[in-house]
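Step one of this worksheet: look at the structure below.
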Amino acid sequence: MSEGVEWALHSCVNLAWSGPDRAVSAARLAAWHDLPAAYLNKQLQALARAGILTSSPGPRGGFRLARPLAAVSLMDVVAAVEGPEEAFRCAEIRRQGPGAGEPAADGAAAADCAIAHAMTRAELAWRKALAAQNLDEIRQQAERQAPEAPRRLRAWLAAQ
């Protein structure tokens, strides 16, 4: 998973903390964590295409949450940033080299690859776990860990 996923998740929480009436530019969101603005902007645009954020142009423009954090799962963000493709792609290397074409133990011509099968099960469990947790739960945990963070962010944004 790319670092863009982490950046996108933090940006969503930061947008919630900034308040529903404030659009925040990619540059401002990036500056809060000292990130490259152009790269963060790509992640934010992906979130906007997925309907997680809205964007508005102009000097007072920027990004806002398009829906409540409780309606956005971690999997929604991962899929928006990384795409819907599976993380593991079986290239069927077992069919290459001297061992290529070995029949399955029961004589079948092509059994499912045991490694691909195991990786698919693991990815399904991972996706289900991400889909079961929403960004509001993450926001609440972040606020328990750093109760002053929302106020500090709003003050920092207001000072600029």
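The values are calculated or read from the model by the stated rules, or taken from the named source; none is laboratory data. For clarity, every value in this text was computed on a predicted model and none was experimentally measured. Every residue, glycine among them, receives a Cβ derived from its backbone with ideal geometry; neighbour counts consider all protein chains shown. The area values use the complete protein model at the heavy-atom level, side chains included, leaving out ligands, DNA and RNA. Shrake-Rupley method; radii C 1.70, N 1.55, O 1.52, S 1.80 Å.
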Quiz item: How large is the accessible surface per residue of the range 1-113, computed with a 1.4 Å probe and reported in Å² as a whole number?
Solution: 57
Self-check item: Burial ranking of peptide ranges 78-87, 7-16, 124-133, 36-45 (average Cβ count within 10 Å, highest at the top)
Solution: 7-16, 36-45, 78-87, 124-133
Quiz prompt | Over the chain: helical MRE at 222 nm, DSSP H runs n ≥ 4 each giving -39500 (n - 2.57), nearest 500 | solution = -16500 deg cm²/dmol
Quiz item: Quick one: helix 3-18 against the long Cα principal axis of the chain, what's the angle to the nearest 10°, folded into 0 to 90?
Solution: 30
Quiz item: Relative contact order, percent, of the range 1-42 when contacts are C-alpha pairs under 8 Å separated by at least 6 residues?
Solution: 37
Quiz prompt | Degrees, to the nearest 10: 149-158 long Cα axis against longest axis of the chain | solution = 60
Quiz item: What Rg and what Dmax come out for the range 1-91 when only alpha-carbon atoms are used, in angstroms?
Solution: 13.1, 48
Exercise. For the chain, give the percent of accessible area contributed by carbon and sulfur heavy atoms, probe 1.4 Å, rounded to a whole number.
Key: 55
Quiz prompt | Computed magnitude of the charge dipole of the chain (debye, nearest 20; Cβ of K, R +1, Cβ of D, E -1) | solution = 780
Quiz prompt | Spherically averaged projected area of the chain from its Cα convex hull (nm²) | solution = 12.5
